[in-house]
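The values are calculated or read from the model by the stated rules, or taken from the named source; none is laboratory data. Nothing here was measured: the structure is a model prediction, and the numbers come from that model. Virtual Cβ from ideal backbone geometry, glycine too; neighbours counted across all protein chains shown.
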Amino acid sequence: MTMESILIVEDDPSTLRMLGASLEQAGYRVLAEQTATAALALAEREHPDLIVLDLLLPDQNGLAVCRALRGREETRGIPIIMVTSLDKTSDKVSGLDQGADDYMVKPIDVTELLARVRALLRRHRWEPDGNGAVITVDGFTIQPEQLSVRRGSVEPVQLTALEFKLLYQLASRPEETFSRQALQALVWGSGQGNTERAVDVLINRLRGRLAALPNGGSIVRTVRGVGYRFRA
């Protein structure tokens, strides 16, 4: 399985180094930023699997960052653990109300943080339906266990869970056209608050990754006025 990525947003350098080293040692790919502005840009660009977000940042507070992440199509579904030195119940409630999935008070117990990270990722990780069979179509091999797609001898492309889920749904029924609404329900599930625009954003990101493979950039086709299909 591809290495899951975690974005740490923390302005204290020593805490940032400690958390980053602990998460890397546990097998995660670590991204790091010290300001809200940089973190929002990085999250939108890289779409990490989870964000560890400090509440008190130099340019704006973590509540505003959390609210912004939940308001953007590209980052709406990323699980967030809010970390802060504020331990009042009202502070925790505020964090959760703004969209945080979990809340930890400093000083951080690394063992507890890792346990919470694993628990959140399990809940958000995609498990393929049915037997999760490998799909081979038009020379492309789509591997559920590795969340990867390859063609010929070219190095396989690793996808995020959402990107892979979208590709798998399309490739499982090649040449069938899926509406944005149908893909929204298949990828995120019903009642998750994602809009059809989120499908377009995810499609564009998927196409960008597939472009590394021979003819990969053209296998997900737009059907104007309807939605998308996998070109077999």
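Tabulated data
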item	result
Conditions (1) of a type outside the set (A, V, I, L, M); (2) at pLDDT below 85; (3) part of a helix (DSSP H, G or I); (4) within 23 Å of Leu202 (Cα to Cα); number of the one not met by Glu74	(3)
Flag if Asn194 is out of contact with any strand residue (DSSP E or B) (no Cβ under 8 Å at 6 or more places or on another chain) and modelled with pLDDT of 80 or more	no
Number of the condition not met by Pro48 [criteria: (1) farther than 21 Å from Thr35 by Cβ; (2) touching a strand residue (DSSP E or B) at 6+ places or on another chain (Cβ under 6 Å)]	(1)
Sole exception among (1) closer than 30 Å to Val149 by Cα; (2) modelled with pLDDT of 90 or more; (3) surrounded by 16 or more Cβ atoms within 10 Å (Cβ to Cβ) for Arg116, by number	(2)
Residue that is nearest to Arg205 (Cα to Cα), among those in the stretch 23-52 that are surrounded by fewer than 17 Cβ atoms within 10 Å (Cβ to Cβ) and touching a residue at least 40 places away in the same chain (Cβ under 8 Å)	Glu46
Long-range neighbours under 6 Å by Cβ, at least six apart or interchain, first residue polar (S, T, N, Q) within the stretch 145-163, second in a strand (DSSP E or B) and at pLDDT below 85	Ser148/Gln158
Yes/no for Asp138 being surrounded by 17 or more Cβ atoms within 10 Å (Cβ to Cβ) and either at pLDDT below 90 or not assigned by TED's automatic domain parsing to the domain that holds Gly77 (or both)	no
Hits in the stretch 40-71 - residues which are among the β-branched types (Val, Ile, Thr) and more than 12 Å from the chain's Cα centre (by Cα)	Val52, Val65
Flag for Val83 being hydrophobic (A, V, I, L, M, F, W, C), out of contact with any strand residue (DSSP E or B) (no Cβ under 6 Å at 6 or more places or on another chain) and not assigned by TED's automatic domain parsing to the domain that holds Gln143	no
